[in-house]
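Please treat every number below as a calculation from the coordinates, not as lab data. Small disclaimer: the values here were computed from a predicted structure and weren't measured. Quick reminder, even Gly has a Cβ in these numbers, built from the backbone with ideal geometry, and neighbours come from all protein chains shown.
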Number of protein chains: 2
Amino acid sequence: MNIEEMEKYLRKLIDSKDLLTLQEEVSKLNEADLAEILEEFDDRETLLVFRMLPKDLSIDVFSHMTSSQQKKLVASMTDKELDAIIKELYFDDRIDFLEEMPASLVTRIIGNAPAEERKLINQFLQYPEYSAGSIMTIEYVALSPDMTVKKALEYIKEVGMSKETIYTCYVKDKYQKLLGFVSLRELVISDENLIVEDIMLEDVVFAETLDDQEEVADKFVKYGYLALPVVDKEHRLCGIITFDDVMDVIEEEATEDFHRMAAIEPSVSSYIDESPWNLAKHRIPWLLILMISATFTGGIINKYNWIITDFLILTNFIPMITDTGGNTGSQSSTMVIRGLATGDIELDDMFPVIFKEVKIGFIVGSTLAFVNFLRLIFLAQAPLPIAFVVTLTVIVTVILSNLMGAFLPIIVKKLGADPALMAGSVITTIVDSLVLIIYFGLAGLLLYRF
Amino acid sequence: MNIEEMEKYLRKLIDSKDLLTLQEEVSKLNEADLAEILEEFDDRETLLVFRMLPKDLSIDVFSHMTSSQQKKLVASMTDKELDAIIKELYFDDRIDFLEEMPASLVTRIIGNAPAEERKLINQFLQYPEYSAGSIMTIEYVALSPDMTVKKALEYIKEVGMSKETIYTCYVKDKYQKLLGFVSLRELVISDENLIVEDIMLEDVVFAETLDDQEEVADKFVKYGYLALPVVDKEHRLCGIITFDDVMDVIEEEATEDFHRMAAIEPSVSSYIDESPWNLAKHRIPWLLILMISATFTGGIINKYNWIITDFLILTNFIPMITDTGGNTGSQSSTMVIRGLATGDIELDDMFPVIFKEVKIGFIVGSTLAFVNFLRLIFLAQAPLPIAFVVTLTVIVTVILSNLMGAFLPIIVKKLGADPALMAGSVITTIVDSLVLIIYFGLAGLLLYRF
């Protein structure tokens, strides 16, 4: 049964009040699937299903829910039920949950926690959004360097159930400083009388608490590790980040770039959950800037009205020329922005990249101009001088747009801002003005001579 | 020392011919770092460093290299050196390598392999690009259901070194059918006299060999697993996919969407390695289509030349209006395309999403139109009827562009194609014509009455 079928089946069981079968069926489901199914259920149904789950499963389902699902569920729970769940969540899931909840609820929950835990929660809540600290967890296995392999394995067996991963264990000294790591694989295949210090790897790749989560994701992609330790300025081990959380980060960061490249201020929440007002708020600022900028483009047309009056046909080609400039500029800026994001292109590559884009612009521009020339002469039967001006403009436009599309993102990155700002709409607006100046400039220069 | 400093330092050692220190230093480096450093070295230097690495490290470095690096290195190696490396690579890395090499080399390498392996390599090389089969590996731990935990652990200890992961072990019957899985964590914390069958989980999430790699990635993100088993049509276990390969897939798939949304035909190879000709080839097709389409837009202007002759000022606002239409259309289509890709938006959400975009369009459009009206009246001192036509056009444009930006990607996905095709440039071109018809339509309707 796939997820949609299962959803319909469960709903039928609810409607027919067959709660025994319902309980049996939901208890067999995978936690991620169940969380997904519950998204389609209303508050009353969700609570009904949630209450009949075995405890362990209910915790797992809860941590797989979206924060808006959690919010709704929590609103209809008793305080006792909520506390029981909070207590059992992995530490990082608990922090994620608290970050999304209203302040009054957070205060109550933190108030109920033991003193030491309260301090830790407060500390974690203070890590800036998108920092390594904000996505790390404290449930890791810590070994001391002088343990034997046998002792280490026994220790893992003892505490393993409550740790987020036991596959990479971290070795720290009594001052909490990170000394190295050892994988469970290494422990399992090593002689049990060896000392942890002798088999651990000291060359640890780590993150610092305030590192950006994007840097952390890059390290995971590069090194392929299961988990990364996070240390503070004194190199004390504060927590670890596991690969599953990083997969979410990779998606989130790509989504942020997609949005920014479409001139939308990024937001973390889901499209489906957001109100039209909030979504509009993220779109209006750039649109306003771009709209005002586009009036400059209008100003350029205005300035050349004298040419238009003489050659009215020139206006017909304005959309084609500005669109082609925008399209080619978008292409090259997208290539460069994405290349910078994945590390394929580095800042040092600036001149080779710009040079390459100019060459591409020449190839692409000549091709487009050629096709366009044939169309103008044979299909549109435009006068030769006009066809000549338009064709020349297309070549120059494409080369210039490619150049700007490569140059602007790199420069913006060099200045320390997000290169994704210099994409599609912004590039189009910048290129538009330049392209029209070239178009009318060439027209003014050439058309009055024939 | 960071990577750039290390690169300079190693280069200095090469230049001063201090090969002993060089060997010592490179042997201490992390394989991923070393592969990255070697990218900046020329063929001769790369081979020099590569030859002085301890064997294990050299294999790891090789598998971290880009395929163009591998190609160059292989070209300067002896056959014997190459064979030694190929033999030691993990199976999936070996397949990845062979896929990129010239046919003559592949034939020679396969010819040298033992009969059974040759069959397997040929089978793997035949899985379609981007399929689950093409990214899986055969180095997994397989247990039989009747083993004791103790026996299983001993077995893992014995074969563990040569497996890509030992943290998830797969249980199969004698017909190779997948029965379930058990994590090393479960094995380590379980009583050693229990039977694998009793502790394994039977509810396995799996992929089939021909599944698209994007589906596989979605499963990893959803379930957070370390590895996923891949089965054939008869549910026989063929291989596994590990999380580290999936991280690359997530990046690749996002890159593909970025490129397609900028009207570039996606390609797998790196920007830096590609020739300008090849890059141009991926950009020209859509540009041509868009350029030809833009001539329809020109045709519309042409049709309304009689209005322009009467009210020349109208041409000044064409860029602002078409740009705003393109920008808002890009915003809404980007939100929808990305939402569909991450699963935030589902096909069933079509009507709510379109309705939401219309509401957003109303909010955004009114805001932009209001600002624009003020600017026209007070700054540009445009005649009131003109300001009125432009303002009305902006509102209608934004609502319509949002509607198209939401509608088109969803429809394209419903038809089974990639919704990313309906992004930026394509939406802009479609919206342009509509917007101009509205603009001149409203102008013709209103301006001659005042």
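Annotation: the antiparallel percentage among DSSP beta bridges lying fully within region A:114-258 is about 80. Between this copy and the others, label points of A:I411 are 4.0 nm apart in ascending order, each placed 7 angstrom from Cα in the Cβ direction. Using just its DSSP H runs of length 4 or more, each adding -39500 (n - 2.57), chain B gives a mean residue ellipticity at 222 nm of -21000 deg cm²/dmol after division by all residues. In this structure the amide hydrogen of B:V231, modeled in the peptide plane, comes within under 5 Å of the amide hydrogens of B:A207, B:E208, B:T209, B:C238, none closer than 5 places in sequence on its chain. Taking the number of Cβ atoms within 10 Å of each Cβ as an exposure proxy, the fewest-first ranking of B:M161, A:M101 is B:M161, A:M101. Partner shielding of A:24-32 amounts to 2, given as the average count of beta-carbon atoms from other chains within 10 Å of each residue beta-carbon.
The HN-Hα couplings worked out from phi for region A:224-235 by the Karplus form 6.51 cos²θ - 1.76 cosθ + 1.60 (θ = phi - 60°) are x, 7, 7, 8, 10, x, 10, 10, 8, 4, 8, 6 Hz, whole numbers, x standing for Gly and Pro. Using the Karplus relation 6.51 cos²θ - 1.76 cosθ + 1.60 with θ = phi - 60°, the per-residue 3J(HN,Hα) values for region B:435-444 come to 5, 5, 4, 4, 4, 6, x, 4, 4, x Hz, with x marking Gly and Pro. In this calculation the C-beta distance from B:I110 to B:D203 is compared with R0 = 51 Å, giving a FRET efficiency of 0.85. Amide H contacts of A:V171 (H built 1.01 Å from N, in plane; Pro and chain starts excluded): A:L143, A:L179, A:G180, A:F181, A:V182 sit under 5 Å, all sequence-distant by 5 or more or on other chains. Mean-square fluctuations from a GNM of chain A, with a 10 angstrom spring cutoff on Cα atoms, peak among A:R375, A:R283, A:R260 at A:R375.
With only Cα atoms counted, region A:34-124 has Rg and Dmax values of 12.9, 39 Å. Across chain A, the relative contact order, built from alpha-carbon pairs under 8 Å that are at least six residues apart, equals 11 percent. For region B:133-145, 3J(HN,Hα) computed residue by residue from phi via the Karplus equation (6.51, -1.76, 1.60; θ = phi - 60°) reads x, 6, 10, 8, 10, 9, 8, 10, 8, 10, 10, 9, x Hz, glycine and proline entered as x. Angle of helix A:19-28 to the longest C-alpha principal axis of chain A, folded into 0 to 90 degrees and rounded to 10: 80°.
Mean-square fluctuations from a GNM of chain B, with a 10 angstrom spring cutoff on Cα atoms, peak among B:F206, B:F351, B:F124 at B:F351.
In the elastic network of chain A, a GNM with C-alpha springs shorter than 10 Å, the most mobile of A:V435, A:V74, A:V394 is A:V74. When chain A is described by a simple charge dipole with +1 on each Lys and Arg Cβ and -1 on each Asp and Glu Cβ, the residue from A:G111, A:T391, A:I14 located farthest towards its positive end is A:T391.
Here the label points at A:E45 and A:L125, each 7 Å from Cα along the C-beta direction, are separated by 3.4 nm in the simple model.
Remark: relative contact order (region A:6-78) = 32 percent; criterion is Cα-Cα distance under 8 angstrom and separation of 6 or more residues.
Net charge dipole, region A:203-349: roughly 940 debye, given to the nearest 20, about the Cα centre with Cβ charges of +1 for Lys and Arg and -1 for Asp and Glu.
Quick one: dipole size for region B:11-155, taken about the Cα centre, charges +1 on Lys/Arg Cβ and -1 on Asp/Glu Cβ, in debye to the nearest 20.
Numbers: 17 positive and 29 negative charges, 89 e Å.
Charge dipole, region B:11-155, about its Cα centre: 420 debye, nearest 20.
For the residue pairs A:K163/B:K151; A:K359/B:K414; A:K177/A:K222; A:K157/B:K151, the alpha carbons lie more than 29 Å apart in A:K359/B:K414. A simple spin-label model places the labels of B:E265 and A:K28 4.9 nm from each other, with each point 7 Å out along Cα-to-Cβ. Between the Cα long axis of helix B:318-342 and the first principal axis of chain B there is an angle of about 30°, rounded to the nearest 10. For B:V106, the shell of other residues with beta-carbons less than 14 Å away shows a net charge of -2, using +1 for Lys and Arg and -1 for Asp and Glu.
Shielding value for B:311-318 is 5, the average number of Cβ atoms from other chains within 10 Å of each residue's Cβ. Kirkwood hydrodynamic radius computed over region A:114-201 comes to 14.2 Å, based on all pairs of distinct alpha carbons. Dipole size of the protein assembly as shown about its Cα centre, with +1 on Lys/Arg Cβ and -1 on Asp/Glu Cβ: approximately 3940 debye, rounded to the nearest 20. Bridge orientation summary for region A:56-200: considering DSSP beta bridges with both residues in this region, about 75 percent are antiparallel. Calculated on C-alpha atoms, the gyration radius of region B:102-253 divided by its Kirkwood radius gives an Rg/Rh of 1.00. Estimated at 0.36 nm per residue, the fully extended path between A:T148 and A:L415 surpasses their Cα-Cα distance by 91.0 nm. Pairs of C-alpha atoms in the protein assembly as shown farther apart than 42 Å represent 43 percent of all such pairs. If you take the charge dipole of region A:239-324 about its Cα centre, with +1 on Lys and Arg Cβ and -1 on Asp and Glu Cβ, which of A:Y304, A:M291, A:I321 is farthest toward its positive end? Working it through, the farthest residue towards the positive pole turns out to be A:Y304.
Take A:37-44, B:408-415 and order them by the average number of nearby Cβ atoms within 10 Å per residue, most first; the result is B:408-415, A:37-44.
Any chance you could run the full-extension gain for B:I292 through B:D18? It's 0.36 nm times the residue separation minus the Cα-Cα distance, nm to one decimal.
92.4 nm
Gyration tensor analysis over the Cα atoms of chain A returns equivalent ellipsoid semi-axes of 57, 30, 20 Å (largest first, whole Å).
Note on B:295-302: average number of Cβ atoms from other chains within 10 Å of each residue's Cβ is 6.
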